[in-house]
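Participant: Before I ask anything, let me first share the structure, which is written out below as structure tokens.
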Amino acid sequence: MVNRYVPVGRILKTHGLKGDVKAWPYFHSKAFYLDLKEVRIVTGENTETDFQISKAVTQNDCIIYHLSGIDTIDDGAMLKGREVLIAADRLEKLPSHDYYWHDLEGLTVYSKDGAKIGHVVDFIDTRSNQVLSIIGEKGEVLIPAIRDVITEVDLERKKIIINPVEGLLD
């Protein structure tokens, strides 16, 4: 079976003159990112390149990586804005009722009364909580990913049920 790769972060910019890059992690576990030995980076429209990680350190909310073959500031600059991927089987097992973004992408969202709201298309990390971007007939709706609002996630049936607070869908 071919391993599926999933996004775990994004390269923000270079760091220093020797090709190090600063990455924004999509998850809060810094230890997970520091333990990675290799990553795959989207380097073109239909191109992904594997890189060995020779150094990883934290800086505030970010991770600084030195990647094999990226040895100058110009090399690092070419990766700015690119998504960082890892093999899906490398992800940590999450507690019950916690989900990775890639598991929710594309799911259909319904209100508790059964009205279809749309499909999950993006995930925004506000650091205080995550927000799902839903696209439906009324355009984009932003749904806070908190237990008071998201009452059910059914990955098998590919749906999410929400209890919209007053004004959320207006």
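The values are calculated or read from the model by the stated rules, or taken from the named source; none is laboratory data. Keep in mind it's a predicted model, so treat the numbers as computed, not measured. All Cβ positions, glycine included, derive from the backbone under ideal geometry; neighbour counts span all protein chains shown. Just so you know, the surface numbers come from the protein's heavy atoms only, side chains and all, with ligands and any DNA or RNA stripped out. Shrake-Rupley method; radii C 1.70, N 1.55, O 1.52, S 1.80 Å.
Participant: Please list, by residue number, every one of the GluC sites (Glu not before Pro) in the range 62-170 that is coil in DSSP and has at most 16 other beta-carbon atoms within 10 Å. Walk me through the numbers on the way to the answer.
Facilitator: Working: sites: Glu83, Glu92, Glu105, Glu137, Glu140, Glu152, Glu156, Glu166; in loops: Glu92, Glu105, Glu137, Glu156, Glu166.
Answer by residue number: Glu92, Glu105, Glu137, Glu156, Glu166.
Participant: Tell me, what % of the accessible area of the chain is carbon and sulfur with a 1.4 angstrom probe? Walk me through the numbers before you get to the answer.
Facilitator: Numbers: 5030 of 10220 Å².
Summing carbon and sulfur atoms, their accessible area is 49 percent of the total for the chain.
Participant: Let me ask something additional. Net charge within 15 Å of Arg4 by Cβ-Cβ distance, Lys/Arg positive one each and Asp/Glu negative one each, not counting Arg4 itself? Let's see the in-between values first.
Facilitator: Working: positive: Arg40, Arg90; negative: Glu48, Asp50, Glu83, Asp89, Asp103, Glu105.
Charge balance in the 15 Å sphere: -4.
Participant: Taking the alpha-carbon centroid of each part, what is the distance from the range 126-170 to the range 67-115 in angstrom?
Facilitator: 18
Participant: Quick one, which of (i) 28, 20, 12; (ii) 34, 16, 15; (iii) 32, 22, 10 is the actual semi-axes √(5λ) of the Cα gyration tensor in Å calculated for this model?
Facilitator: Matching the structure shown: (ii).
Participant: Follow-up. Please calculate the 1.4 Å probe accessible area of Asp50, with all protein chains present, and give it to the nearest 10 Å².
Facilitator: 80
Participant: Next up: Give the cross-link partners of Lys159 among the lysines, using a straight C-alpha distance below 19 Å as the criterion and excluding same-chain residues fewer than 8 apart.
Facilitator: Excluding near neighbours in sequence, the set is Lys112, Lys116, Lys138.
Participant: With θ taken as phi - 60° and the coefficients 6.51, -1.76 and 1.60, list the Karplus ³J(HN,Hα) couplings across the range 91-101 in order, rounded to whole Hz; mark glycine and proline as x.
Facilitator: 5, 5, 5, 8, x, 3, 6, 10, 9, 7, 3
Participant: Equivalent ellipsoid semi-axes for the range 9-71, as square roots of 5 times the alpha carbon gyration tensor eigenvalues: give them largest first, rounded to whole Å.
Facilitator: Here the semi-axes work out to 17, 14, 12 Å.
Participant: What list of ³J(HN,Hα) values in whole Hz, one per residue of the range 135-140 in order, does the Karplus curve 6.51 cos²θ - 1.76 cosθ + 1.60 (θ = phi - 60°) give from phi, with Gly and Pro shown as x?
Facilitator: Along the range 135-140, the couplings run 10, x, 4, 8, x, 7 Hz.
Participant: Restrict the search to the range 2-43; then list the trypsin sites (Lys or Arg not before Pro) that DSSP places in a loop and that have at most 10 other Cβ atoms within 10 Å of their Cβ. Present the calculation step by step, with values, prior to reporting the outcome.
Facilitator: Details: sites: Arg4, Arg10, Lys13, Lys18, Lys22, Lys30, Lys37, Arg40; in loops: Arg4, Lys18, Lys37.
Those that pass, being in a loop and sparsely packed, are Arg4, Lys37.
Participant: When the solvent-accessible surface of protein heavy atoms is calculated with a 1.4 angstrom probe, in what order do Phe123, Phe51 fall, highest first?
Facilitator: On the way: Phe123 60, Phe51 20 Å².
My answer, sorted largest first, is Phe123, Phe51.
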